[in-house]
1. Assign unit charges at the C-beta atoms only (+1 for Lys and Arg, -1 for Asp and Glu), then state the dipole size of the stretch 79-224 relative to its Cα centre in Debye, rounded to the nearest 20.
2. Can you show me the helix-derived [θ] at 222 nm for the chain, built from DSSP H runs with n ≥ 4 at -39,500 (n - 2.57) apiece and divided by the number of residues, rounded to the nearest 500.
3. Take 216, 56 and order them by how many other Cβ atoms sit within 10 Å, fewest up front.
4. Give me the distance in nm between label points sitting 7 Å out from Cα along the Cα-to-Cβ direction at residue 230 and residue 155, one decimal.
5. Once you order the gyration tensor axes a ≥ b ≥ c over the Cα atoms, which shape class does the chain get: rounded for a/c under 1.5, otherwise prolate or oblate by comparing a/b with b/c?
6. Out of 205, 28, 144, any idea which swings most in a Gaussian network model of the chain, alpha carbons joined below 10 Å?
7. How far, in nm, would the chain grow between residue 193 and residue 53 when pulled straight, counting 0.36 nm per residue and subtracting the alpha carbon separation?
8. How would you rank 104, 123, going from fewest to most other Cβ atoms within 10 Å of each one's own Cβ?
Amino acid sequence: MAQETSRAVGPIVLLGPPGAGKGTQAKRIMEHYGIPQVSTGDLLRENVNLGTELGLAAKAVMARGELVCDDLVCNMVRQRLLQPDTKRGYILDGFPRTAAQAGWLDALLDHELFDNSRPTRAWPIVISLDVDYNQLLLRITGRRSCPTCGRIYNVHFQPPREDERCDLPHGTKLETRNDDRLEVIQPRLTAYQEQTRPVADYYQRTGRLISVNGDLPMDDVTDQICRIIEDHHA
Ligand code: AMP
């Protein structure tokens, strides 16, 4: 796929349960359209690693597989979206995750972030990745990431060439996310059912939700997402 780096795209919201492939697809869309991936999970993990005030507040909540409170997450997202690299558009991955966050995002796009210097559309393209439950479990338990370059693997579906080592020349040992442990997976899926499903319902009610079958091969899912984006801008 040739990269496109000139026109405005999105904003795009990727919805779906943990393990649906939001991060993987967001990275592919980011590369294709040259717009940044704004992953609230990654931003929070960065804060935890840096030991910031936000990171200290979020660490224990994340380790339990629960959601960090709306105020902290929304503030963090506002700061990130004000960065100049989001002017042509961005992909939200893992946000909004509660009905309050979805309402907050609509208000932000309506009032604060849409000015003449930003060619992005006010309303996001909302894409939901739907995945079978057993597939989700395999995706979460098999997920490994490289702490050096961020590349994501899955020991069941896309194993690295050498066991537990990144394929790139640095060959860093791969890591399992703290909250991908079995005992944390169930609370994360419960948080999704109870708090994030209403977000999909909210977008559905307002006619903005487009569902994609996330069980399809990765390339097919990417093609479908690109088609949705193209149709939206046609
Ligand atoms: P993720 O990488 O998207 O699976 O997120 C990892 C963890 O970060 C989640 O289990 C939550 O604890 C926290 N988190 C990420 N995004 C949000 C959000 N939008 N609202 C609240 N908590 C979040």
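1. Values: 19 positive and 22 negative charges, 64 e Å.
Magnitude of the dipole: close to 300 debye.
2. Working: 9 runs with 100 residues, N = 234.
Using -39500 (n - 2.57) per qualifying helix, the result is -13000 deg cm²/dmol.
3. Numbers: 216 15, 56 12.
Fewest-to-most ranking of 216, 56: 56, 216.
4. 3.9
5. Numbers: a/c = 1.40, a/b = 1.23, b/c = 1.14.
Note, shape of the chain comes out rounded.
6. 205
7. On the way: separation 140, 0.36 × 140 = 50.40 nm, distance 2.87 nm.
Difference between extended and current length: 47.5 nm.
8. Working: 104 19, 123 16.
The order, fewest Cβ neighbours first, is 123, 104.
Rule-based calculations on the coordinates, nothing more; no lab input. This structure is a prediction, so every number in the text was calculated from the model and none was measured. All Cβ positions, glycine included, derive from the backbone under ideal geometry; neighbour counts span all protein chains shown.
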